[in-house]
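A short worksheet on the structure shown next.
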Amino acid sequence: MDKKTFTLFITLFIATFFLFGGTSLGVYAFQKAGKEEVVYPINTSVAGVNIGGLTEIEAKRTLENHLIGWKANAIYEFQYKEKTVQVTNDLFSFDVEQTLKNITDNNTNTFVVEVDEEVLQTELEQYNSFSIEDIDIDLLKSALLEAATILQIDEKLILEDYFASYVAERDILSTVEMAVPDKTEKELESIISSIEEITILPKTTFSLLGLLQDVNQKSIKDDSLSLLATGIYQLVLQTNFDIRERTISSEIPDYVDIGYEAKASFREQLDLRFTNPNENAYIIALKVEDSQLVLQLKGQAFPNDYEIVIEEKKEYEPKTTIQFDSLLEGDQVQVKQEGKPGVSVVVIKEVLDKKGDQIKREVVSTDYYPPIYRVEVKGLQNDLDSTENNEVEEETPIDEDLDDHITDEELASEEEDNSEEQKDSEEQQDDTDDSIDESQIIEK
């Protein structure tokens, strides 16, 4: 091969190399650039939202738009007893960028979400029967996140399932039964059906009005509410619970013995409140059966036993109030109201060890119910006639006696005094007439 032919061959080889090399490099560069834009394979999704074939920017926009729609439609609720509260979706904070960084290709992924504890506390404060300290927050947050990471559209969480302490044992510790008056039986049945069980959390104070507010039963009548309060009070008297607030009526109801009553009223804001000082929770179960209110305290046995003793009972006789009625004859007497003796007692709690030996005695309360006066209504006629006769009989001798002892000088002096008084009166009237302005005179 001569030199000229060799040179031509080398030139064509180099040209061919650059031609095919440049083409291949361009295809490689294009493919590489394409791979940088389409980072998510076809079968990749986040909480059911498909982002396969999308760029990172497109995927981010798609997920953010989906979250806007989810927040507008998702319904998350807390339920305690009969009270259900819909919580705000601002409770959740979604991190879309971190979600995309954690993507696993060809897989179903979840959102990176956090729960705002301040918002959570605000939502829980809508309940009056417990505080956020009573809730196992980590457990509750885990349940919320489990639903939110997959964008579950609705969720209802029963808050009793997230109490920090549960009733380890449910032995029946004491029982109270009370007769329910006919007029309150239906209402009481309705109220108790919405409660059924009351959880008395450890180291917390229970409020009866707070509980009924939570179950939307603020319209309960005073008679029914007081009957319920009385039953609960009798039950907790047999425990080491501390009574914080308790009121009694002015007259003891027929359904309870003295020393065991508790009055409650939304209208008067009279509450029954007590504190459970124990490390364990307790349950009060309620039901109305055969016109009887039945209450049972369940939980772990107390370290001591408790007995209630009623002492220093005193009675106070009622007084009688007399009223008069002109429509009655003078000798007629009607009893408008029968009297009733008053009574007071001292309520003592005896603390006993398991052997029955007394550890201490403490005064729980001193209950006093004032007597109810007897009211009698009598006629007026004879009394008035008697009074008029007495006045006539007394006035006659007094006047005669005075006439016998008045002398002429005294009579003249009295006439002179009367004359002076009359003169002063006339002068005073003249001064008054002079002081009246003509503009003050109204013609009739």
The stretch 288-375: chymotrypsin sites (Phe, Trp or Tyr not before Pro) in DSSP loop, at most 16 other beta carbons within 10 Å: Tyr373
Say the cut-off is 26 Å between C-alpha atoms; which of Lys314/Lys378; Lys83/Lys203; Lys83/Lys263; Lys263/Lys313; Lys218/Lys349; Lys314/Lys354 go over it? Lys314/Lys378; Lys218/Lys349; Lys314/Lys354
Fewest-first ordering of Arg273, Arg267, Arg246 by Cβ atoms within 10 Å yields Arg267, Arg273, Arg246
Report the extension gain between Val335 and Arg244 in nm, rounded to one decimal, defined as 0.36 nm multiplied by the number of residues separating them, less their alpha carbon distance. 28.6 nm
Note, the stretch 357-370: 3J(HN,Hα) by Karplus (6.51, -1.76, 1.60, θ = phi - 60°), whole Hz, Gly/Pro = x, goes 7, 6, 8, 6, 10, 9, 7, 7, 6, 10, 9, 10, 10, x
Taking amide H positions as placed 1.01 Å from N in the peptide plane, with prolines and chain starts having none, which residues 5 or more places from Ile252, or on another chain, fall under 5 Å of its amide H? none
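None of the figures in this text is laboratory data; all of them are computed from the coordinates on show. Please read these numbers as outputs of a predicted model, since none were measured by experiment. Cβ coordinates were reconstructed from backbone atoms using ideal geometry, including for glycine residues, and neighbour counts include every protein chain displayed.
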